[in-house]
Amino acid sequence: MTDTLIEKTLWHPVALSHAIGSQPQAANLLGQPLVLWRDADGQAHAWADQCPHRGARLSLGRVHGGQLECPYHGWRFEAGGACTHVPAVPDFQPGARHAATTFDTREAYGMLWVRLAAPSGDALPIHDLPLFAAETETRLRKTTSGPYTVAASAPRIIENFLDMAHFGYVHEGWLGSRDKPEIPPYEVKPTPHGVLATQCLAWQPRSSIHAESGAQVEYTYEVTAPYMAVLTKQPEPGSTAIEGLWESIAMFVCPVTEESSVAWTRMAMNDFESPDARLIDFQNVIFGQDQPVLESQQPKRLPLQPNAEAHSSADRMSAAYRRYLKDSGIAFGVIR
Ligand code: FES
Ligand code: CO
């Protein structure tokens, strides 16, 4: 057994890939300050944002000759984290104790993903990079919105993304209407990686940038990792207002602290005409409507005890998500 938080053994998104260049930048994951930078071979790195020498923030440094240089005394670190040069003592051969602390990284879905600790032997399926199935669908174009910096816990943000009963209030005139707030029963079932809700019906005045009139839309929602969820809307024969629109939108959330997060959406849609800016603007409007409510919720950490908050039958997906977090052993951003 290990006392490592299970969250530390999972992959989390920390930044858009295209935002990471030769200028080191700071990020924060699960309370761990990170420096993100890209080396001369194009490889992205995520290290502890603390120099092993005197603790200065490496994110204030620069990339020099493909190596990260500390801003304080100019120690240099190669891509693997080893210290290669101590300018004050040029002949000195730095050793393992002089190395930077490095973390595992992957690039996928237009994002850099970081894992703070290796999973132990009793690995759960959720230790893999979370699945966003639409990414490999060549008939869908991909774009990303965010970052959205939010004073809310990651699970509160995911739960909001899974919630349809707020559409008529928070997104009135866009994703819902006060006149048609009803959520018909839908199906919820556990999956090997999370939870799936199908046959989620809602009346939407303007469900996408293409909608010209209101329509009943059908979604599926899937939680594919503790802080990630995907909504998918596929064209249905017979539907008119959303004719032909097929989209799958992932909500990626980085748990920064227990009560603050950074979120992005990854959009995959069969719309190759609209400029990125238009698709991103739509997401910005929707998220901007959610944000004040998300930041107002108390407690900020999501309570997992079944009776901590009041529920209705429209909240079955939320209840399933909470059970999944509880069963997965998630402790960060929740009240167990
Ligand atoms: Fe980084 Fe001294 S603190 S080189
Ligand atoms: Co919303």
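Quick notes on this structure:
- Residue in the stretch 48-59 that is touching a Leu at 6+ places or on another chain (Cβ under 9 Å), within 12 Å of ligand 1 (Cβ to nearest atom) and open to solvent by 50 Å² or more (accessible area, probe 1.4 Å) present: yes
- For the stretch 202-210, the count of residues that are within 27 Å of Val256 (Cβ to Cβ) and within 15 Å of ligand 2 (Cβ to nearest atom) is zero.
- Of the criteria (1) part of a loop (DSSP other than H, G, I, E, B); (2) within 15 Å of Trp47 (Cα to Cα); (3) open to solvent by 60 Å² or more (accessible area, probe 1.4 Å), which one Asp104 fails: (1)
- Here Leu196 meets each of (1) without any contact (Cβ under 8 Å) to a residue 24 or more places away in the chain; (2) away from ligand 2 (no atom under 15 Å from the Cβ) with one exception, condition (1).
- Criterion violated by Gly42 - all others in (1) closer than 23 Å to Val262 by Cβ; (2) under 26 Å from the mean Cα position of the chain (by Cα) satisfied: (1)
- The residue pairs whose first member lies in the stretch 209-227 and is assigned to a strand (DSSP E or B), whose second member is among the β-branched types (Val, Ile, Thr) and modelled with pLDDT under 90, and whose beta carbons are closer than 7 Å, counting only pairs six or more residues apart or on different chains, are Ala215/Ile242; Val217/Ile242; Ala225/Ile126.
- Residue check, Gln283 part of a helix (DSSP H, G or I) and under 18 Å from Pro13 (Cβ atoms): yes
One line per residue, one yes/no per condition, for (1) in a strand (DSSP E or B); (2) at pLDDT below 95:
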position	(1), (2)
Ala165	no, no
Pro184	no, yes
Lys189	yes, no
Ser207	no, yes
Ala229	yes, no
Glu236	no, yes
Leu245	no, yes
Val253	yes, no
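- Screening Thr149, Thr224, Thr191, Thr220 for residues that are in contact with a His (Cβ under 9 Å, 6 or more places away or on another chain) and of a type in the set (Ser, Thr, Tyr) leaves exactly one candidate, Thr224.
- In the stretch 291-299 there is no residue that is modelled with pLDDT of 95 or more and touching a His at 6+ places or on another chain (Cβ under 7 Å).
- Scanning the stretch 256-280 for residues that are over 23 Å from Ala133 (Cβ atoms) and touching a residue at least 24 places away in the same chain (Cβ under 8 Å) yields Val256, Thr257, Glu258, Glu259, Ser260, Ser261, Val262, Arg278.
- Test for Arg62: is it touching a strand residue (DSSP E or B) at 6+ places or on another chain (Cβ under 9 Å) and under 30 Å from Arg141 (Cβ atoms): no
- Checking each residue in the stretch 255-290 for being of a type in the set (D, E, K, R), open to solvent by less than 40 Å² (accessible area, probe 1.4 Å) and modelled with pLDDT under 95 picks out only Asp271.
The values are calculated or read from the model by the stated rules, or taken from the named source; none is laboratory data. Every value quoted in this text rests on a predicted model; they were computed, and no experiment measured them. Cβ coordinates were reconstructed from backbone atoms using ideal geometry, including for glycine residues, and neighbour counts include every protein chain displayed. To get the accessible areas, we keep the full protein, side chains included, count just its heavy atoms, and leave off ligands, DNA and RNA. Shrake-Rupley method; radii C 1.70, N 1.55, O 1.52, S 1.80 Å.
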